Each structure stands twice: as structure tokens, then as C-alpha cells.
Amino acid sequence: MLNQRWRSTILSSNRSAGARHCPAWLLAASASGQGKTTLVAALARHHRNQGRRVRVFKMGPDFLDPMILEQAAGTAVECLDLWMVGEAQSRHKLYQAAGSADLILIEGAMGLFDGDPSSAVLAERFGVPVAVLIDASGMGQTFGALALGLARYRTGLPVAGVIANRVASARHAELLAAGMPPEVTLLGTLPRVAEAQLPRRHLGLIQAVEIADLHQRIEAAAAALGDSALARLPAPVRFVAPPDLGAPPPLLRGCRIAVARDAAFSFIYPENLDLLRALGAELREFSPLADSGISADAIYLPGGYPELHLQRLASSQSMKSSLRDHARAGRPIYAECGGMLYLLESLTDGTGERGEMVGLLPGHACLMPRLAGLGLESLCLPRGELRGHTFHHSVMETSMRPLLRGRRRADGQAGESFFALGSVRATYLHLYFPSAPAAAASLFMP
């Protein structure tokens, strides 16, 4: 028995030695549209203003929210997801962040229990306490019933408390507090602050670079926290050391990849670029909107909003000619979603205006008033299975036959098409490169 106790003590000590501790919160909500991004941005800016180092993560596939959160925190915002990113990679990210940050904030996706896996599952897996945001508009004591249901719905979920958002007045705040059950903590009540609202469009929030007064909006949101419990650091969370993931092979050593980055093409995971560099590639950015041409071994055209810059893209004959010359020389182009639309013959925006695109891929696309594609998918390439997601408002007509089809996470059925025409590879999917590094490298190889 003594030896067993000694062995248990040593094992516990070793585990603790491989752990890091950092205050952390997962900010979830009762539904989409409750104001999660504004709250996380406010918290990040508040603590940053106090001189603290803040690391922010976004759960699930997203490009627009991280752009806002990066401006608030002053550091890159990466993705956490138990399926697309994987548990090992997610654990690695949190462990690394805990070694340098004073606070870790994770913005959940949709409602707390929505999706598979949900924000609740991620919080439980990593032991991160959850603060649940609820839009209290039009509610009084019923707020407490909703808070109790969210806190008790999943046994074992570490719920720190709830936050009432868009509270109309001090009297409204009193009604909400009076209706709270004693077993659920009300972490704070946030007023409606018009100056802090973040503008939206058809794919979600407007890009950070397009909001001229973004920093003033974030500061207004941070000021609204006041002296509530939200303005103080939460308790430290223990993050366990992950297994060594190893370095990817230098499959792209010496390859110069030009990455489109401007207001029309900005939907890209920072981890994708990090992986390409780790694979040995040399990256340079270019702008299809502003540049006249590009010279590289391979080109990466990510998604974005080409429909909002239709005529500028259509009128840039020199850039379109440069892309055609690149493809004719047999050099790879990989294009995702909006990047693929740019390579078609034409694109029609939401107002019915049509513009001539590059013409490397046969076909036309048109923006629709509603979502035409949404969900997690995987793509099986010869060198591995890449995971990602689809999210678009356009439909495409083309004579091309897909080389491959994605597989939907939800039901296992065939998903988005993957096209290969000459040296061009294109798909509606937004792929997360670290999910299969060798497969990602193959997209940029001749």
C-alpha cells in the first residue's frame, strides 16, 4: 500500500510539472446573435488596457469574428475545434498560450449546446469554466429560469455563471437579479451601448479593416463592463502538456507561394500560413485589387468578398492576364470559395451586376439572398484527409466535372466539389491545412 501511495504521489507530481496554469473563460451564449463577439472583444481590450497579455481563441470555423478579436487583443486569434482542428492540436494551442498569457478567452460558437461537438463539450474536455451570455431584452424573472436551465442541462459542465446583455435600465437589472436562482451566479449586467455595436452583412460581421471606428467601438464595449465580476480575472485553469506533435516534413522547401490578401480575399486561417512556412514555403502577399501582376511558384487565392469589389476585379486586366499566364506555365493555383469565383468566367453580385472574372475555370456564379452551403466537411486527397467547412451565399454553374467530392460531417453524404483543371485546384471548401499537412502541401505542388 505504501509503495502504491508513493507511486501515485510521483505520478501526480509529474503530471503537475507538465501542466501550466492560466486564468481562462469560455464565453458562450444561449443562441447566435446574443453579442458574444462584442463581449469577448470588450474583455480582451479591458484586460489589455490593464497591461495584461491576452490570448483569444474562436471555437469552430470562422474568419470574421477573429478579425475583430485580433484588433481587441493585439494578437492573432486561432481556431479551436475538436473535429476540424482536433483535440491534440487544440490542447497544444491552449498549453502554449498558458505559458505566455495572463488570460485566455475562448469565444464559443452559436448557442452553448449547439453543434457536434458543441462549445459545452469543448469546455468540459479542457476544464474551462463557461460564462453564458443571454440577451435579456424583453425579459424579467424568466431570465433566471433560462439561466438555471442552461447551467443544469449538462451534468459536469463547469458553468461559472451567466451574463445579462442589452439590459435596458437599472430597474431592468434589478428585476433580472431578483429572479436569479441562488445556485447560478449572475456575473454581470451589460447595458445596451449603441456606440459598441458591430455592423453586419450577409456572411456575418463586417471585416475589421472596413470599420473605421472599430477601436472606439471596442473601447465603448470595454467601458460598459464597469466594476462587475467580468472586469476581474477568473480563476486559473490547469492546462496539461500535450504529446509532441512533431514537425511536418519540408515538402515545400524552396517553393515561393503568393497569397492573395486584401479586402476581397481575406478568409484565411493564420494556422494555414504558419503550416506552409513550416513545410518550407516562402510566402509573399499580393493584392488582386491593387497589384498589376504576380510572379511565384504557386498562388493561394483564399475566400472573401469578391462580389463587393466586382468592377475593380473585372477591370484589372493586367492581374487577370498575369494569373492566366501563371496557369498556362503549369504553375499551381489553389483557390477556395471566393477565390474560386474569381477564377470563373463571370460573377454576378447581389444586385444583379455582372463582372468578367479571370476565365481560368469555365462557368458563372451568382450571389443568392440566402445561404447556399453550410457545414463541416472533409476532403480525402491521396496524401491525407483535410478537414474544413463550407459557408457561401453563391451558386455556380459550370461544365467541369469534380475530381473529388467532400464528405459532410453531419451525415457522411457527398458535399462540395473539388475541381482540378490543368494546374488549377478549386473548391467551395475552406480547408484547415494542419489537419493533414502532406495533403495541404500537395495543393501547391505541380
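The values are calculated or read from the model by the stated rules, or taken from the named source; none is laboratory data. None of these values were measured; they are calculated from a predicted model. Don't worry about glycine lacking a Cβ; one is built from the backbone with ideal geometry, like all the others, and counts go over all protein chains shown.
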Check: Which condition number in (1) more than 23 Å from GLN71 (Cα to Cα); (2) loosely packed, with under 15 Cβ neighbours inside 10 Å is the one that ARG154 fails?
Finding: (2)
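Criterion first (in the same structural domain as ALA28 (by TED's automatic domain parsing), modelled with pLDDT of 95 or more, touching a strand residue (DSSP E or B) at 6+ places or on another chain (Cβ under 6 Å) and assigned to a helix (DSSP H, G or I)) does LEU133 satisfy it?
Numbers: in the same structural domain as ALA28 (by TED's automatic domain parsing): yes; modelled with pLDDT of 95 or more: yes; touching a strand residue (DSSP E or B) at 6+ places or on another chain (Cβ under 6 Å): yes; assigned to a helix (DSSP H, G or I): no.
Spelling it out, it is not the case that LEU133 is in the same structural domain as ALA28 (by TED's automatic domain parsing), modelled with pLDDT of 95 or more, touching a strand residue (DSSP E or B) at 6+ places or on another chain (Cβ under 6 Å) and assigned to a helix (DSSP H, G or I).
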Next item on the list: Filter segment 58-103 for residues that are over 16 Å from ARG45 (Cα atoms), of a type in the set (S, T, N, Q) and free of Cβ contacts under 8 Å to residues at least 60 places away in the same chain and give the result.
Entry: SER90, GLN96, SER100
Next item on the list: Check off (1) on the phi > 0 side of the Ramachandran plot; (2) modelled with pLDDT under 95 for GLY422 and give me the number that stays unchecked.
Entry: (2)
Check: Tell me, which residue of segment 126-151 that is small (Gly, Ala, Ser), in contact with a Phe, Trp or Tyr (Cβ under 9 Å, 6 or more places away or on another chain) and crowded, with 16+ Cβ neighbours inside 10 Å is farthest from MET110 (Cα to Cα)?
Finding: ALA136
Next item on the list: Can you confirm whether segment 205-215 contains a residue that is at pLDDT below 95 and closer than 19 Å to ALA29 by Cβ?
Entry: yes
Notebook entry, point to check: Do we find that ALA147 is within 25 Å of ALA208 (Cβ to Cβ), at pLDDT 95 or above, among the hydrophobic types (A, V, I, L, M, F, W, C) and assigned to a helix (DSSP H, G or I) in this structure?
Noted result: no
Margin query: Residue pairs, Cβ under 6 Å, 6 or more apart or interchain, first in segment 274-292 and within 22 Å of LYS320 (Cβ to Cβ), second of a type in the set (Gly, Ala, Ser) and surrounded by 15 or more Cβ atoms within 10 Å (Cβ to Cβ). List them.
Written below: ARG284/ALA258; PHE286/ALA258; PRO288/ALA260; LEU289/ALA264
Note to self: Here are the criteria: (1) within 20 Å of VAL259 (Cβ to Cβ); (2) surrounded by 21 or more Cβ atoms within 10 Å (Cβ to Cβ). Tell me which single one ALA329 does not satisfy.
What the structure shows: (2)
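Restricting attention to segment 245-259, does a residue exist that is farther than 30 Å from ILE333 by Cα, of a type in the set (Gly, Ala, Ser) and within 24 Å of the chain's Cα centre (by Cα)?
At the first step, the residues of segment 245-259 found to be farther than 30 Å from ILE333 by Cα are none.
Checked against the condition, which is being farther than 30 Å from ILE333 by Cα, of a type in the set (Gly, Ala, Ser) and within 24 Å of the chain's Cα centre (by Cα), segment 245-259 yields no hits at all.
Does LEU404 satisfy the condition of being under 29 Å from PRO249 (Cα atoms), touching a Phe, Trp or Tyr at 6+ places or on another chain (Cβ under 7 Å) and hydrophobic (A, V, I, L, M, F, W, C)? Break it down stepwise before answering.
Details: under 29 Å from PRO249 (Cα atoms): yes; touching a Phe, Trp or Tyr at 6+ places or on another chain (Cβ under 7 Å): yes; hydrophobic (A, V, I, L, M, F, W, C): yes.
The answer is yes for LEU404.
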Note to self: Can you confirm whether ALA263 is surrounded by fewer than 20 Cβ atoms within 10 Å (Cβ to Cβ), more than 29 Å from GLU210 (Cβ to Cβ) and out of contact with any Lys or Arg (no Cβ under 7 Å at 6 or more places or on another chain)?
What the structure shows: no
Next item on the list: State yes or no: is SER399 among the small types (Gly, Ala, Ser) and loosely packed, with under 15 Cβ neighbours inside 10 Å?
Entry: yes
Margin query: Out of everything in segment 333-349 that is under 18 Å from PHE265 (Cβ atoms) and either surrounded by fewer than 21 Cβ atoms within 10 Å (Cβ to Cβ) or not assigned by TED's automatic domain parsing to the domain that holds ARG401 (or both), what residue ends up being modelled with the highest pLDDT?
Written below: SER346
Item checked: Tabulated pairs, segment 212-238, first farther than 27 Å from ARG20 by Cβ, second acidic (Asp, Glu), C-beta under 8 angstrom, 6+ apart or interchain -> GLN216/GLU195; ARG217/GLU195; ALA220/GLU195
Notebook entry, point to check: Restricted to segment 411-426, and to residues that are touching a residue at least 40 places away in the same chain (Cβ under 8 Å) and either of a type in the set (A, V, I, L, M, F, W, C) or in a strand (DSSP E or B) (or both), which residue is surrounded by the fewest Cβ atoms within 10 Å (Cβ to Cβ)?
Noted result: LEU421
